[in-house]
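What follows is one structure encoded as structure tokens, with my remarks underneath.
The values are calculated or read from the model by the stated rules, or taken from the named source; none is laboratory data. Note that this is a predicted model, so its numbers are computed, not measured. Don't worry about glycine lacking a Cβ; one is built from the backbone with ideal geometry, like all the others, and counts go over all protein chains shown. Side chains included, ligands, DNA and RNA excluded: accessible areas come from the protein's heavy atoms. Shrake-Rupley method; radii C 1.70, N 1.55, O 1.52, S 1.80 Å.
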Amino acid sequence: MELPTETVPLPSRGVVYPKGHPLHNKETVDIKAMTAKDELSFKAPDLLMNGESLIDVIKSCVPDIDDPNELPNCDFNVIMLAIRLATYGNELSYSAFCEKCEESNDFGVDVERLLDRIESIPDSYYVQLDQLKVYVKQYTLKSQIKAALARFEQAAITNSILSNDEL
């Protein structure tokens, strides 16, 4: 049996998952480092485009998650950051370009410190409209992938129209 590399708290505390789900009311999740196969899947354009690489890596690195598609955005972000920590260590190199002074600045981000600052989300979100209370559900990984694909297709169509002088 492999031991987890990291254990991280879930911002949702598991309250957003239905009864019977492996993460229902589970406050933490165990994370394993990526394998070489996982890293290669992040380099395959087709797998990245349709989200399959994200799903495969989460299944590989987080054994408690059967279906990553249903992960809420808050948990997904923390899990991906923890996978990064487990695989590459605490230092996340980052480069930023300042358009004003036209200089590039390289710096490191402390991943453990970021994870330590993660806060829990409320048990539910709602909007009160007079006497009507509308409950709002967080984006899931599946809905994020669908939205990203739709934006990509829309941009491709727009670029096609703009490059056609006859239209």
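On the basis of the beta-carbon distance and an R0 of 35 Å, residue 129 and residue 94 show a calculated FRET efficiency of 0.30. Working from Cα pairs under 8 Å separated by at least six residues, relative contact order for the chain is 21 percent. The share of C-alpha pairs in segment 4-100 whose separation exceeds 17 Å stands at 53 percent. Have a look at 76, 152, 107 and tell me which one the Gaussian network model of the chain (Cα, springs below 10 Å) gives the largest fluctuation. Residue with maximal mean-square fluctuation among 76, 152, 107: 107. For segment 15-75, the set of GluC sites (Glu not before Pro) satisfying both a DSSP loop assignment and a count of at most 16 other C-beta atoms within 10 Å is given as 27. Using heavy atoms of the protein chains and a probe of 1.4 Å, the accessible area assigned to residue 163 is about 90 Å².
Counting only protein chain heavy atoms and rolling a 1.4 Å probe, the accessible areas of 98, 74 rank, largest first, as 98, 74. For trypsin sites (Lys or Arg not before Pro), the sites in segment 84-133 that DSSP calls loop and that have at most 15 other Cβ atoms within 10 Å are 100, 117. If the viscosity is 0.890 mPa s and the temperature 25 °C, what Stokes-Einstein diffusion coefficient in µm²/s follows for the chain when Rh is the Kirkwood radius over Cα pairs? Estimated diffusion coefficient is 132 µm²/s.
Largest mean-square fluctuation among 14, 108, 89, in a Gaussian network model of the chain whose springs join Cα atoms under 10 Å apart, belongs to 108. Residues within the reach of a label modelled at residue 42 (point 7 angstrom out along Cα to beta-carbon, backbone nitrogen below 14 Å), restricted to segment 64-103, are 77-94. Full extension of the chain segment joining residue 25 with residue 139 gains 39.2 nm, where the gain is 0.36 nm per residue of separation less the Cα-Cα distance. Average 1/r across all pairs of distinct alpha carbons in segment 1-45, invert it, and you get the Kirkwood radius: 12.5 Å.
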